[in-house]
1. Consider only pairs whose beta carbons are under 8 Å apart and that are at least six residues apart or on different chains; among these, list those whose first residue lies in segment 217-232 and is of a type in the set (F, W, Y) and whose second residue is in a loop (DSSP other than H, G, I, E, B).
2. In segment 506-537, what count of residues is obtained for those that are on the phi < 0 side of the Ramachandran plot, in a loop (DSSP other than H, G, I, E, B), touching a Ser or Thr at 6+ places or on another chain (Cβ under 7 Å) and β-branched (V, I, T)?
3. So if I check each of S125, S184, which one is within 19 Å of I265 (Cα to Cα), of a type in the set (G, A, S) and not assigned by TED's automatic domain parsing to the domain that holds S231?
4. Identify, by number, the condition in (1) part of a loop (DSSP other than H, G, I, E, B); (2) at pLDDT 90 or above that T286 doesn't meet.
5. Of the numbered conditions (1) under 30 Å from Q193 (Cβ atoms); (2) crowded, with 19+ Cβ neighbours inside 10 Å; (3) at pLDDT 70 or above, A442 fails exactly one; give the number of that condition.
6. Just give me the residues in segment 227-252 being more than 15 Å from the chain's Cα centre (by Cα), of a type outside the set (A, V, I, L, M, F, W, C) and assigned to a loop (DSSP other than H, G, I, E, B), in sequence order.
7. Any chance segment 154-166 includes a residue that's touching a helix residue (DSSP H, G or I) at 6+ places or on another chain (Cβ under 9 Å), in a loop (DSSP other than H, G, I, E, B), surrounded by fewer than 19 Cβ atoms within 10 Å (Cβ to Cβ) and modelled with pLDDT under 90?
8. I want to confirm something. Restricting to segment 171-226 and keeping residues that are of a type in the set (D, E) and part of a loop (DSSP other than H, G, I, E, B), which single residue is modelled with the highest pLDDT?
Amino acid sequence: MANSPDQPSPKRSAAKKSPTTSSDEGSGASPAAAQAAPRATKTSKATTADREPAARKPAPKKAAPAKKPAAKKPATAKKPAAKKPAAKKPAAKKSTPAKTSAAKRTTTAKKAPKQPSPLRGKQASVDAKRLSGWDFATWRMATDDPVMRSTMIGLLVLEKSPDWEVLKERYERATRLAPILRSSVVEGPIGIQTPRMVVDPNFDLNFHIRRFSMPKGSTWADVLEDARRQSMTDFDRDRPLWKMTLLEGLPGGRAALILKLHHAIADGQGAVQLGLALFDFAPEGTDLGPMPPAPEAAVLDTTGFLEAVLRNNVGWVARTAEDAIKGLGPLTMEAVKNPGDLIARARRTAESVFRFTRVPFGPLSPIMQQRSINYHFDTIDMDFGAYRAAAKRRGRSVNDLFLAAISVGMHRYHERMGRPVDELRMNMPISLRSSGEDASNAVTIARFEIPISNAIDDVLETAAQTVRSWRAEPALKLADNLAEFSRFLPPELLSAAAQTSDLTASNVPGVPVPVWLAGAQVERMYPLVATIGAAINITMLTYNGVASVGVSTDDAAVDDRDELVRSLRHGFREVIGSPVIAGNPLTISRKD
């Protein structure tokens, strides 16, 4: 099993880069050879000096028949021999400048790219993207409390190892098409100010991507363990908030790719959109044309940050005033014509905001009370065709069946643990995304109680009504504005409120057709999401006819993880009417 620490230090990364200095490669000599060169030169000089006298012995033989004069001449001959190496000094000097120029080229190659000028004025407010209210709340909570750490893992099972150079090129292209992958978070001088995202001038692709060979005999549990460790490790907050790890050498020649994202930069659907920048829809790939230009890097210092805050706030006030003036006329006419209806609408909105922001006293489950910073991952696979057919037979949506299966499964688990329960408090992300939006976060969280029962039809009806009513809540349109107020609340209070949820459930539509990644077909896609304060997180992602479920369980909240997974499998089997796919994704048939 490869032990892959998630945060190598920058110094360590820099050390890895030095052996591949461009000047060394250009001269055809390695750094070790360059260091050895001076010693080799000295050796050659000494050898030449030793051979010079022997080479000149024939000349003395002609002039002196006697041995004594011949013995003196070598002494005389030694003087010119000593001078001749001096005559050869220019050759030595020629090699020295060559080495010096190579050293200069090395120094030049190692120089960091020139830092752009700090953003100022209007440019600061435009180029430094402001985090939304929900993104800021996510960022702040994950910073202040490790229980609230908001990591998302996309785990892909590949039929074989992808072409590494092609994979690197695809990620380089993806970072240019989606600048969020090159952007880092910049915080203001005051903690309550909303952070900004700017394109990192120090972006280094090799820091974010890496590959390891798994030990022989590795299993699916080993892959999930590696994904778990990465998920529980925080990001380097001075760099863009993502990482990719390729695990090779798995059974059957398969490979696994772990893509780690921070929830502040992408929700589930956003992660799927980012993935589409990497995939091909044919084994041979697609000619994508020339590499697009890299987004322009930016530097945001304190002065530029405050200027951006001032300009954004002034603009927000101006837009709000304009909207109020535009709406004042129709609002006044409505108040005159039907004042009762206007008052009723205001009351409904206020009640909706209260329901949206209400903080419960604690979780409803009698056995899932504790929370920790440790959690484990499990997976469940289902035939999505059978899933949709079951939904059609019952006249329900795929999401209705998803919630009903969870209800039946949690009912069985609590029964088996000897502590039955009637309802649990559930978090469910509701997408606010509209067509054409980028891959950034566009989601809010609905919190409601769901009945826990094995009466499938009753649960289906209640779940469907609950979700419909929450999607119609007036406060949903105000979700991002309401999240802005979280900056004025103590982090401990927000964390305590999040931990009153028993579970989080999310259903993310994926890619319906097979895709390839750098020449390797993707066989499975799994969503693995941190618990983020809840006892359990259950997320389903569909891909190419398979519905894959990632289950995250808090170690302190769930006493019997195996029983919980068996109970959830039972719930899906009961609701769908067909068994889940047996086996693990590393042993499935190539025909599946």
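1. Between residues of segment 217-232 that are of a type in the set (F, W, Y) and residues that are in a loop (DSSP other than H, G, I, E, B), the close pairs are W220/N584; W220/P585; W220/L586.
2. The total comes to 1.
3. Numbers: S184 fails: not assigned by TED's automatic domain parsing to the domain that holds S231.
Testing whether each residue is within 19 Å of I265 (Cα to Cα), of a type in the set (G, A, S) and not assigned by TED's automatic domain parsing to the domain that holds S231 leaves just S125.
4. Unmet for T286, out of (1) part of a loop (DSSP other than H, G, I, E, B); (2) at pLDDT 90 or above: (2).
5. (3)
6. Scanning segment 227-252 gives a single hit, G249.
7. No: segment 154-166 contains no residue that is touching a helix residue (DSSP H, G or I) at 6+ places or on another chain (Cβ under 9 Å), in a loop (DSSP other than H, G, I, E, B), surrounded by fewer than 19 Cβ atoms within 10 Å (Cβ to Cβ) and modelled with pLDDT under 90.
8. Restricting to residues being of a type in the set (D, E) and part of a loop (DSSP other than H, G, I, E, B), the top hit is D204.
The values are calculated or read from the model by the stated rules, or taken from the named source; none is laboratory data. Predicted model only: the values in this text are computed from it and were never measured. Methodologically, a virtual Cβ is constructed for each residue, glycine included, from the backbone with ideal geometry; neighbour enumeration extends over all protein chains shown.
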